[in-house]
Amino acid sequence: MGALQPTGGVLKRVVIDLRMAGYTGVGRYVRCLVQALARLQGARADFVVAGLANPAQDLGWLPGGVAIAKPEVAVGVYSAREQIVLGKILDRMGCDLVHLPHFVFPWRSPRTPVVTTIHDLIYLETSGAGKSRLHELAARRMLARAARRSARVITVSNFSKERLVARLGINPEKVAVIPHGAEHMALSPEDAPRDPATLLYVGNHLPHKNLPFLMRVFARVLAARPDARLVLAGPRGRHTEAAQQASRDAGVSGTDKISWETALEDEALVALYRRATILVFPSLYEGFGFPVLEAMRAGLPVAASAAASIPEVAGDAGLLLPPDDADAWTSAILALLSDTAHREDLSQRGRARAETFSWDKAARQTADVYQEVLATRLGAR
């Protein structure tokens, strides 16, 4: 793999690591940000975006005008090969700045300045987030390295910035808070009829998602509302069995009252948001909280934890509840299921709140970070 073609003129080339574009949360961020940056670069005369991808990677989502380089041999995320060769590969591409959209900062750093997006500190502040104990230990070391060596760090909420500063001792001025957008949820203008009493959870089954608590709450709701249903939409993983065991312990498994949906393509996900009655999101820890924002955009009333970054995303457009108070959750859900006017109020407020989050705004703010780093580099010469 050789260098990309020169940009010409005063344009500076920013190479973004696209290898995680097929993932769920981080992948959504990569795809939407790159698409928005591609729209923006035509209106700005200071940068052009390029990408690093693996050889067999699906790039059907990628807009035109984004040059791509691929190594001959794939560089796996979190792999030993990544730590050894990623920096060299990025150097050979001939760029002025590297943007890593996740904290997979290589041991051998690129020669050019690096901007790294650190979405959260889940690996440092929770347990069970990795595929294995070794994975978690490696991730913690990479996260600390990324925070230390990056020219600037982007994060997605004030909560995550506060934790980065407190936990890793980063200078606050080094960290830019740039929230996600919401318009990737392409919604039809018509309101689809909603199911009468369907609770929807969207996300993985990791321990910090608090699913055993949700199962206990749902059992209480079901005792008072036998027509209630719980749909859990998210990828299966090594903690899925524990979540399903929690449903058995709560006495709600093996019935038509609970279902596990693993298909999370956008069309299927939008349909779930449009049919459900309430989003229930009792997570103990989030760096942002995509499902809260996506649900609000779909007009789905939100009941979520008053924890971590979630209040920043929901604002006054959701019901925010203590993540360990089953009585409060049960009462709030039952009240909301029986109060059409309250649900409609939350729906309208949620839609208005979601309109304040934009990928184009995120792209402009990200490009400003690029420009600040490049200007600092030029000034240092």
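The values are calculated or read from the model by the stated rules, or taken from the named source; none is laboratory data. None of these values were measured; they are calculated from a predicted model. Virtual Cβ from ideal backbone geometry, glycine too; neighbours counted across all protein chains shown.
Inside region 48-92, residues that are under 26 Å from residue 135 (Cβ atoms) and of a type outside the set (Asp, Glu) make up a count of 26. All of (1) surrounded by fewer than 16 Cβ atoms within 10 Å (Cβ to Cβ); (2) farther than 30 Å from residue 49 by Cβ hold for residue 318 with one exception: (1). All of 255, 277, 240, 262 fail the test of being touching a helix residue (DSSP H, G or I) at 6+ places or on another chain (Cβ under 7 Å) and of a type outside the set (A, V, I, L, M), apart from 277. Does region 366-376 contain at least one residue that is in the same structural domain as residue 161 (by TED's automatic domain parsing), among the hydrophobic types (A, V, I, L, M, F, W, C) and at pLDDT below 95? Checked region 366-376: at least one residue is in the same structural domain as residue 161 (by TED's automatic domain parsing), among the hydrophobic types (A, V, I, L, M, F, W, C) and at pLDDT below 95.
Just name the residue that is farthest from the chain's Cα centre (by Cα) out of those in region 21-55 that are among the β-branched types (Val, Ile, Thr) and within 23 Å of residue 265 (Cα to Cα). The selected residue is 34.
Taking into account only those residues within region 270-287 that are under 17 Å from residue 182 (Cα atoms) and among the aliphatic types (A, V, I, L, M), which is surrounded by the fewest Cβ atoms within 10 Å (Cβ to Cβ)?
Filtering region 270-287 for residues under 17 Å from residue 182 (Cα atoms) gives 270-274, 279, 286-287.
Still in the list and also among the aliphatic types (A, V, I, L, M): 270-272, 279.
On the way: 270: 18, 271: 14, 272: 22, 279: 25.
Across region 270-287, the extreme among qualifying residues is 271.
Provide a single number: the residues in region 334-362 that are hydroxyl-bearing (Ser, Thr, Tyr), more than 30 Å from residue 177 (Cα to Cα) and in a helix (DSSP H, G or I). Talk me through it step by step, then tell me what you get.
Residues of region 334-362 hydroxyl-bearing (Ser, Thr, Tyr): 338, 340, 347, 356, 358.
Narrowing the set further to residues that are more than 30 Å from residue 177 (Cα to Cα) leaves 338, 340.
Pick out the ones that are also in a helix (DSSP H, G or I) and you get 340.
Matching residues across region 334-362 total 1.
Applying the condition of being farther than 14 Å from residue 58 by Cα and in contact with an Asp or Glu (Cβ under 9 Å, 6 or more places away or on another chain) to region 19-44 and asking which residue is surrounded by the fewest Cβ atoms within 10 Å (Cβ to Cβ) yields 39.
Taking the conditions exactly as written (loosely packed, with under 15 Cβ neighbours inside 10 Å and at pLDDT below 95), does residue 261 satisfy them or not? Considered against the rule, which asks whether it is loosely packed, with under 15 Cβ neighbours inside 10 Å and at pLDDT below 95, residue 261 comes out as no. Checking 347, 305 one by one, the residue that is assigned by TED's automatic domain parsing to the domain that holds residue 283, among the small types (Gly, Ala, Ser), in contact with a Pro (Cβ under 9 Å, 6 or more places away or on another chain) and under 19 Å from residue 119 (Cβ atoms) is 305 and no other. Consider region 23-78 and keep the residues that are of a type in the set (Asp, Glu) and more than 25 Å from residue 11 (Cβ to Cβ). The one that is modelled with the highest pLDDT is 58. When the criteria are applied in full, residue 82 fails the requirement of being in a loop (DSSP other than H, G, I, E, B), at pLDDT below 95, of a type in the set (Asp, Glu) and not assigned by TED's automatic domain parsing to the domain that holds residue 312.
Filtered by the rule that a residue be surrounded by fewer than 18 Cβ atoms within 10 Å (Cβ to Cβ) and either out of contact with any His (no Cβ under 9 Å at 6 or more places or on another chain) or part of a helix (DSSP H, G or I) (or both), region 233-252 gives 241, 242, 245, 248, 249, 251. The set of residues in region 77-120 that are over 30 Å from residue 309 (Cα atoms) and under 24 Å from the mean Cα position of the chain (by Cα) comprises 82, 83, 86. So, of the residues in region 341-356 that are buried (at least 19 other Cβ atoms within 10 Å of the Cβ) and hydrophobic (A, V, I, L, M, F, W, C), which turns out to be nearest to residue 298 (Cα to Cα)? It comes out as 354. You will find that of 91, 58, the residue that is within 30 Å of residue 265 (Cβ to Cβ) and free of Cβ contacts under 8 Å to residues at least 60 places away in the same chain is 58 and no other.
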